[in-house]
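One structure is given here, and the rest of the page talks about it.
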Amino acid sequence: MITVKGLQKKFKNFYALKNVDMHVKKGEIYGFIGPNGSGKTSTMNILAGLSRPAQGECTVNGLDVTKLTHPGDLKIGYLPEDPKFYPWMTAHETLDYLSGGRNTGHTGEILRWTGLLDARNRRVGGFSRGMKQRLGIGAALIRNPELLILDEPSSALDPEGRSEVLRLIKDLKGMGKTILFSTHILDDVERICDTVGMIDAGQMLFEKPLAQLQKENTQPIFDITPVHPVESSILDALEQLTGLVSLAKSGKSFTIKVADNGVSVSVMRFLADSGILIESFSLRKARLEDLFLQGVNTK
Amino acid sequence: MKTEIIKELRYAIRSGRALILFASFLFFALLTPVMLKVVLPMVLSGQLGGETTQGISGLTDMTQLDCIRNYMDDVLQIGTIIIAFTLCGLTASEIRDNTWVLPLCAGKRFGRMVGAKLLVFGVLMVLIPIIALLVDYGYSGLLFGFEIGVIPILYGGLLQGIYVLFLLSCLMTWGVIIRRPIPAGFLTLVTAFGIHFISSLLNIQRWTPSGLLVEAQKLMPSVTPSLLIPIAVTALIIVFMTVLTLSRLRNLEWNVRAAQ
């Protein structure tokens, strides 16, 4: 549905996108992750036909975005990071306006599906952030597109609103839609995505199916909290331990990634020999957040 | 285009824009006869000691026609400012606030969106001066006695309305160029008053939209070159401004952060 190759975007002297490659397959949920200012919105604006790239190939829904004359020609659904509505219009009037008054049945269906049926005659200006986001998703669906591009649909919402939006996105996949959505909430990606692409400083760091990513990064992680802060010389010595992949300190706690579970014995022995009293010691698998931080820090 | 027109009508009514414009024009239409009939003689009698208000009224020798012309003069100075700042956000706010992003992605075309604005606010801006002028005609007639018929009034109001269409197209064009409402309003005023001032200075008013105002003030309906030339020039300017607006819109980037 989306093929991007060598995409670049320049704002005056600043390259927002340096070299972005991306492939979104039909019927999947693609999670586009990256820290704030990494180039997610710039990429999505180009994919939605709202902005022009400086260089690169970009095909969306079979159309070359670089040759596009109007964003509407792409026939996709797009939800901006902060969707702007006319505050003096009601939810129903908004969807009716966007649909061109063509399909009132579909508008009613969208209002029901997004849970806005009871609020259909209320002005959008009085809507909560979550309601606006749901109306935005409804607006993106107004032309019943096969592909939806959602920019940070859950980022500014409370946990309840986030769950609701994620449920809607999952439902959309069930309807056979292809969804590309950006976020910096990695838990959301782990909950619903099939493929993950990570961008930082305008460059793609990786693009892999979520299952493969999780399989490749199965190294155990120990979160250790000592009773007293550990001297840095001891931590330096710990870092030299065979089988230890990485060590990250946070306050008096530290997190170590090891090659396999067997290393845990050596770690515990080392800590005991060094006379360190342990408050808590927990083992977990690497999560997307660890990969994200690793990706951002290694750049 | 039906939904775009309905949207603009809702905007005009619910945002209070239509009411502000109507009330402003009506205010001047009602105020001018009172000022000339009551306030002006009172002020003058205060300055010229000994003369009664009735005596001063006789001296100033005001008629309904003078009153209407006075109103037309006032309304196109203050009215232009009111129009410029009431409607300065027509296109500029849509761009600045990104409210056109969702409609564009939903397949709305610039031609229809801009066309609906021109149509709705154009009709409104032709109707308001005509209605206000009719009110001024009626009220000044009651105070000074009726002097002319309704046809010249309709004619004068229509010409004023066409001039206001020129202001509207200026606002839309400056709005898409500057993308900020208040500066777009200022630039529209500079354009309108600049043209008016320069054309008066060089005596070429008939070749500019200001010629419409000169013709309107004559209140003498007749098809003469001095009427047809400013109408044609104004129509050409409106078409040019609309084409410029659409061309600029097609080249804009959307949903881009302000600093970029």
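A few notes on this one:
- Residues located in region B:160-184, provided they are under 13 Å from the mean Cα position of the chain (by Cα) and of a type in the set (Gly, Ala, Ser): B:GLY161, B:SER169
- Qualifying strands (runs of 3 or more DSSP E) (wholly inside region A:170-222; at least 2 residues being open to solvent by 50 Å² or more (accessible area, probe 1.4 Å)): A:203-209
- Here A:HIS228 clears all of (1) of a type outside the set (Gly, Ala, Ser); (2) away from every other protein chain (no Cβ under 14 Å); (3) buried (at least 18 other Cβ atoms within 10 Å of the Cβ) except the condition numbered (3).
- Residue check for A:MET44: in contact (Cβ under 8 Å) with a residue 60 or more places away in the chain and at the interface with chain B (Cβ under 10 Å from one of its Cβ atoms): yes
- Single unsatisfied condition, A:ARG52 versus (1) closer than 20 Å to B:ASN98 by Cβ; (2) over 25 Å from the mean Cα position of the chain (by Cα): (2)
- Pairs where the first residue, in region B:162-181, is open to solvent by less than 10 Å² (accessible area, probe 1.4 Å) and the second is basic (Lys, Arg), C-beta under 6 Å, 6+ apart: B:VAL176/B:ARG248
A quick yes/no check of all residues on (1) in contact (Cβ under 8 Å) with a residue 24 or more places away in the chain; (2) in a helix (DSSP H, G or I); (3) within 14 Å of chain A (Cβ to nearest Cβ):
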residue: B:VAL75; (1), (2), (3): yes, yes, no
residue: B:SER93; (1), (2), (3): yes, yes, yes
residue: B:ASN98; (1), (2), (3): yes, no, yes
residue: B:PRO103; (1), (2), (3): no, yes, yes
residue: B:ARG112; (1), (2), (3): yes, yes, yes
residue: B:PHE121; (1), (2), (3): yes, yes, no
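- Per-region count, region A:111-142, residues under 17 Å from A:GLY77 (Cα atoms), part of a helix (DSSP H, G or I) and more than 12 Å from chain B (Cβ to nearest Cβ): 4
- Looking across region B:115-159, the residues that are small (Gly, Ala, Ser) and within 16 Å of the chain's Cα centre (by Cα) come down to B:GLY122, B:ALA132, B:GLY156, B:GLY157.
- For region B:198-226, filtered to residues that are in contact (Cβ under 8 Å) with a residue 24 or more places away in the chain and of a type in the set (A, V, I, L, M, F, W, C), the residue that is farthest from B:MET72 (Cα to Cα) is B:TRP207.
- Of all the numbered requirements in (1) of a type outside the set (S, T, N, Q); (2) assigned to a strand (DSSP E or B); (3) crowded, with 17+ Cβ neighbours inside 10 Å, A:LEU50 misses one, and that requirement is (2).
- Residue that is nearest to A:ALA156 (Cα to Cα) [pool: residues in region A:128-138 that are among the small types (Gly, Ala, Ser) and buried (at least 19 other Cβ atoms within 10 Å of the Cβ)]: A:GLY136
- Among the residues listed as A:TYR78, A:TYR97, A:TYR86, the single one being within 10 Å of chain B (Cβ to nearest Cβ), within 20 Å of the chain's Cα centre (by Cα) and hydroxyl-bearing (Ser, Thr, Tyr): A:TYR78
- Only one of the listed residues (A:THR255, A:THR242, A:THR225) is outside any helix (DSSP H, G or I) and modelled with pLDDT under 85. That residue is A:THR242.
- Taking the listed residues B:VAL239, B:VAL223, B:VAL190, B:VAL243, the one that is open to solvent by 30 Å² or more (accessible area, probe 1.4 Å), at pLDDT below 90 and not aromatic (Phe, Trp, Tyr) is B:VAL223, with no other qualifying.
- Among the candidates A:THR3, A:THR94, A:THR59, residue that is open to solvent by less than 30 Å² (accessible area, probe 1.4 Å) and polar (S, T, N, Q): A:THR94
- Any hit, region A:19-31, residues being within 13 Å of another protein chain (Cβ to nearest Cβ), at pLDDT 85 or above and surrounded by 23 or more Cβ atoms within 10 Å (Cβ to Cβ): no
- Number of positions in region A:62-75 that are open to solvent by 30 Å² or more (accessible area, probe 1.4 Å) and either free of Cβ contacts under 8 Å to residues at least 12 places away in the same chain or within 12 Å of chain B (Cβ to nearest Cβ) (or both): 8
- Among the residues of region A:97-127, none is identified as open to solvent by 60 Å² or more (accessible area, probe 1.4 Å) and among the small types (Gly, Ala, Ser).
The values are calculated or read from the model by the stated rules, or taken from the named source; none is laboratory data. Nothing here was measured: the structure is a model prediction, and the numbers come from that model. As a convention, Cβ positions derive from the backbone with ideal geometry for all residues, glycine included, and neighbour counts pool all protein chains shown. The area values use the complete protein model at the heavy-atom level, side chains included, leaving out ligands, DNA and RNA. Shrake-Rupley method; radii C 1.70, N 1.55, O 1.52, S 1.80 Å.
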